[in-house]
């Protein structure tokens, strides 16, 4: 019988609520393993996931989301829960704040975790309700200057081609060109 990876992970999640503690622990480990297999990074892709960062520190946290990137060299988001978050780790993440793309980093590695506190100690234990993927970021790619957004994208997240991001006069121009490029090929990531 054919079964998708995501269906197997869902079955493992359901099985975690049943049986004895040792069985639940084993099935939870299987679910973590399958999530890792499902998130194989495409090392040949120049797709860049562009996100907005805030200085705001969530209640009870000892660190802001922007500081997680700037001081810890990490970025995280919900994994496999929908909402437009990527299921396959990007090779690059572009970070914007104050109306500009301020930083672009290569993703050096990642883990899928049920507990963010285990990876970023400044986040209190018990803050994670769904699995999260945590990226380990490489050094920032030097930008000639912060790239203006060209419009107000607020907290939108989207994919853009790295070459266009690094050579366009604005993020809006890079996104328009990326969409024109992908319209012909239907090659935008999930």
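For residue 112, indicate whether it is over 21 Å from residue 170 (Cα atoms), modelled with pLDDT under 95 and surrounded by 19 or more Cβ atoms within 10 Å (Cβ to Cβ). Yes: the conditions hold for residue 112. Counting the residues of the stretch 75-84 that are buried (at least 17 other Cβ atoms within 10 Å of the Cβ) and in contact with a strand residue (DSSP E or B) (Cβ under 8 Å, 6 or more places away or on another chain) gives 4.
Looking at residue 108, is it within 20 Å of residue 70 (Cα to Cα), in contact (Cβ under 8 Å) with a residue 40 or more places away in the chain and in the same structural domain as residue 48 (by TED's automatic domain parsing)? Let's see the steps before the verdict.
Numbers: within 20 Å of residue 70 (Cα to Cα): yes; in contact (Cβ under 8 Å) with a residue 40 or more places away in the chain: no; in the same structural domain as residue 48 (by TED's automatic domain parsing): yes.
The answer is no for residue 108.
Scanning the stretch 160-190 for residues that are modelled with pLDDT of 95 or more and assigned to a loop (DSSP other than H, G, I, E, B) yields a count of 3. For the criterion of being modelled with pLDDT of 95 or more and closer than 24 Å to residue 71 by Cβ, residue 139 passes.
It is to be established whether one or more residues within the stretch 123-141 are surrounded by 15 or more Cβ atoms within 10 Å (Cβ to Cβ), assigned by TED's automatic domain parsing to the domain that holds residue 181, under 21 Å from residue 13 (Cα atoms) and free of Cβ contacts under 8 Å to residues at least 24 places away in the same chain. Within the stretch 123-141, one or more residues are surrounded by 15 or more Cβ atoms within 10 Å (Cβ to Cβ), assigned by TED's automatic domain parsing to the domain that holds residue 181, under 21 Å from residue 13 (Cα atoms) and free of Cβ contacts under 8 Å to residues at least 24 places away in the same chain.
Hey, does the stretch 144-155 have a residue that's in a strand (DSSP E or B), in contact (Cβ under 8 Å) with a residue 24 or more places away in the chain and surrounded by 15 or more Cβ atoms within 10 Å (Cβ to Cβ)? Can you show your working first?
Residues of the stretch 144-155 in a strand (DSSP E or B): 147-148.
Filter again for in contact (Cβ under 8 Å) with a residue 24 or more places away in the chain, leaving 147-148.
When the remaining residues are screened for being surrounded by 15 or more Cβ atoms within 10 Å (Cβ to Cβ), the result is 147-148.
Within the stretch 144-155 (the criterion being in a strand (DSSP E or B), in contact (Cβ under 8 Å) with a residue 24 or more places away in the chain and surrounded by 15 or more Cβ atoms within 10 Å (Cβ to Cβ)), the answer is yes, since at least one residue qualifies.
Only a single criterion out of (1) surrounded by 15 or more Cβ atoms within 10 Å (Cβ to Cβ); (2) modelled with pLDDT of 75 or more; (3) touching a helix residue (DSSP H, G or I) at 6+ places or on another chain (Cβ under 7 Å) is not satisfied by residue 16, namely (2).
Just need a number here: residues in the stretch 65-97 that are at pLDDT 95 or above and either in a loop (DSSP other than H, G, I, E, B) or not assigned by TED's automatic domain parsing to the domain that holds residue 118 (or both). Count: 1. Count of the stretch 156-168 residues, restricted to those that are in contact (Cβ under 8 Å) with a residue 12 or more places away in the chain and surrounded by fewer than 16 Cβ atoms within 10 Å (Cβ to Cβ), is 3.
The values are calculated or read from the model by the stated rules, or taken from the named source; none is laboratory data. Keep in mind it's a predicted model, so treat the numbers as computed, not measured. Because the Cβ atoms are built from the backbone with ideal geometry, glycine has one as well, and the counts that use them run over all protein chains shown.
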